[in-house]
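So the structure is just underneath, and the comments pick up after that.
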């Protein structure tokens with residue numbers, strides 16, 4: 001199967017998982033399992049090594065995306081970010097940018113604080129989440145259990 005077709009199918013499946021009635025954020029990541037079954041993504045030692053290598057880059061960058069669980073996890077993460085003044089930033093999904101450092105599809109969000117230019121935040125939704133690492137220039141409130 002062509003790689004682009006595989007990623008399109010995985011994105012469609014992930015959208016179905018985000019539909020009303022999807023399980024809570026802290027759950028088995030069905031989207032990740034689906035992506036792995038289609039031949040995308042990493043697991044095990046290979047994933048661990050890729051995460052260690054990515055940690056050399058800023059959180060939220062293309063090289064070190066936020067690691068979340070499902071579209072609901074992406075939105076939960078973004079709602080927990082705080083601007084320097086303590087306010088919650090506005091955000092807008094710009095689309096997916098294809099495979100990231102873990103060979104899973106990465107979504108790009110524009111995150112904006114009042115009076116500031118938008119910041120690109122890359123999120124990989126094929127992980128366990130919640131990710132408590134703030135994007136540089138932001139703080140983050142703890143995830144609710």
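The values are calculated or read from the model by the stated rules, or taken from the named source; none is laboratory data. This structure is a prediction, so every number in the text was calculated from the model and none was measured. Neighbour counts are summed over all protein chains in view; Cβ atoms, including those assigned to glycine, are modelled from backbone coordinates with ideal geometry.
What tally of residues in the range 107-141 results from selecting those that are without any contact (Cβ under 8 Å) to a residue 40 or more places away in the chain and farther than 24 Å from residue 30 by Cβ?
So the count comes out to 9.
Just name the residue that is farthest from residue 33 (Cα to Cα) out of those in the range 47-71 that are assigned to a helix (DSSP H, G or I) and touching a helix residue (DSSP H, G or I) at 6+ places or on another chain (Cβ under 9 Å). It would help to see each step written out before you state the result.
Step one: filter the range 47-71 for residues assigned to a helix (DSSP H, G or I), giving 47-54, 70-71.
Remaining after also requiring touching a helix residue (DSSP H, G or I) at 6+ places or on another chain (Cβ under 9 Å): 70-71.
On the way: 70: 12, 71: 15 Å.
In this case the residue turns out to be 71.
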Matching residues in the range 86-126 - criterion: being part of a loop (DSSP other than H, G, I, E, B), closer than 25 Å to residue 43 by Cβ and out of contact with any helix residue (DSSP H, G or I) (no Cβ under 7 Å at 6 or more places or on another chain):
100, 103
Conditions: (1) part of a loop (DSSP other than H, G, I, E, B); (2) on the phi < 0 side of the Ramachandran plot. Residue 129 meets all but one. Number of the miss?
(2)
The range 116-145, subset more than 17 Å from the chain's Cα centre (by Cα) and surrounded by 15 or more Cβ atoms within 10 Å (Cβ to Cβ), residue farthest from residue 68 (Cα to Cα):
118
Any chance the range 85-97 includes a residue that's out of contact with any strand residue (DSSP E or B) (no Cβ under 6 Å at 6 or more places or on another chain) and modelled with pLDDT under 95?
no
If we keep only residues of the range 47-80 that are farther than 15 Å from residue 128 by Cβ and in contact (Cβ under 8 Å) with a residue 60 or more places away in the chain, then the residue surrounded by the most Cβ atoms within 10 Å (Cβ to Cβ) is 60
